[in-house]
Amino acid sequence: VFERGWPSAPEPWRQPQLEAPMERIAALRALVNRQLESCRSGGQLGASLEACVQLEFSAAEASNATRDALAWLEGSAHPSVDNLADWLLVSQLQLGGSAPAAVLAEANEEGITVRIAKADGQKCERCWHYETDIGQHSSHPTLCGRCVAVLG
């Protein structure tokens, strides 16, 4: 089994123009994961979906590479699914603005300030995201609006 190696993707699937935005998103995810892990090891959070993340970019870091990566993600064919919060595996994400009330962890690396707080709301039984609209849907009182829409 180990001698077979990994299958390679067919050449038509390769899209070199996506390498730069994906590398930037992976770097953001690593940065956020370091802070999430510090909260987990301190017993402040369990799963990453319990978190609300705030990202603040300094003027220097608001570079074309980061802007392009975020714009690419926002322009996805499925923006309700392919968004930065889902790539970071957190329930809530805030870009800029005022800091959350109860910050559990904060770090500044590479011109990006990451703040971690507990996510608002309750846990959806289907997707496990913490959302504020749980209990507002009579047909599915334990699900979030996104899951209710999927189930119809």
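Using just the alpha carbons, could you tell me how many Å³ per residue the convex hull of region 68-152 encloses?
113 Å³
In whole Hz, what ³J(HN,Hα) sequence does region 12-25 give by Karplus (6.51, -1.76, 1.60; θ = phi - 60°), x for Gly and Pro?
x, 7, 6, 9, x, 5, 8, 4, 4, x, 5, 5, 5, 5
Quote the FRET efficiency, to the nearest 0.05, computed for Leu95 versus Leu151 with a Förster distance R0 of 25 Å and r equal to the Cβ-Cβ distance.
Numbers: r = 29 Å, r/R0 = 1.18.
After rounding to 0.05, the efficiency reads 0.25.
Go ahead and run the numbers for FRET between Ser139 and Ser58, Cβ-Cβ distance against an R0 of 41 Å, rounding to 0.05.
Values: r = 45 Å, r/R0 = 1.11.
Calculated value: 0.35.
Using modelled amide H (1.01 Å from N, peptide plane; none on Pro or chain starts), what sits under 5 Å from the amide H of Glu109, excluding residues fewer than 5 places away?
Correct list: Val114.
Between Ala65 and Asn33, take the C-beta separation as r, use R0 = 22 Å, and let me know the FRET efficiency to the nearest 0.05. Spell out each step's value before the answer.
Working: r = 20 Å, r/R0 = 0.89.
My answer for the efficiency is 0.65.
Determine the relative contact order of region 19-120: mean sequence separation of Cα pairs under 8 Å and six or more apart, normalised by residue count, in whole percent.
Values: 155 pairs, mean separation 40.7, N = 102.
Taking the mean separation of contacting Cα pairs over the length of region 19-120, I get 40 percent.
If each DSSP helix of 4+ residues adds -39,500 (n - 2.57) and the sum is divided by the residues in the chain, what number results at 222 nm, nearest 500 deg cm²/dmol?
Numbers: 4 runs with 46 residues, N = 152.
Counting only the DSSP helices, I get -9500 deg cm²/dmol.
What number comes out for the charge environment of Ala99, summing +1 per Lys or Arg and -1 per Asp or Glu over other residues with Cβ under 15 Å away? Each step should come with its number before you reach the end.
Working: positive: Arg115, Lys118; negative: Glu56, Glu106, Asp120.
For residues surrounding Ala99, the net value is -1.
For the chain, what is the convex hull (Cα atoms) projected area averaged across all directions, in square nanometres?
For the Cα atoms of the chain, the hull's average projected area reads 12.7 nm².
Taking the Cα centre of each part, how many Å lie between region 1-77 and region 89-116?
15 Å
Once you place label points 7 Å from the Cα toward the Cβ at His78 and Gln15, how far apart are they in nm?
Here the modelled spin labels are 1.3 nm apart.
Every number in this text was worked out from the coordinates using simple rules, so none of it is lab data. It should be emphasised that the depicted structure is a prediction, and the values quoted were computed from it without experimental measurement. Every residue, glycine among them, receives a Cβ derived from its backbone with ideal geometry; neighbour counts consider all protein chains shown.
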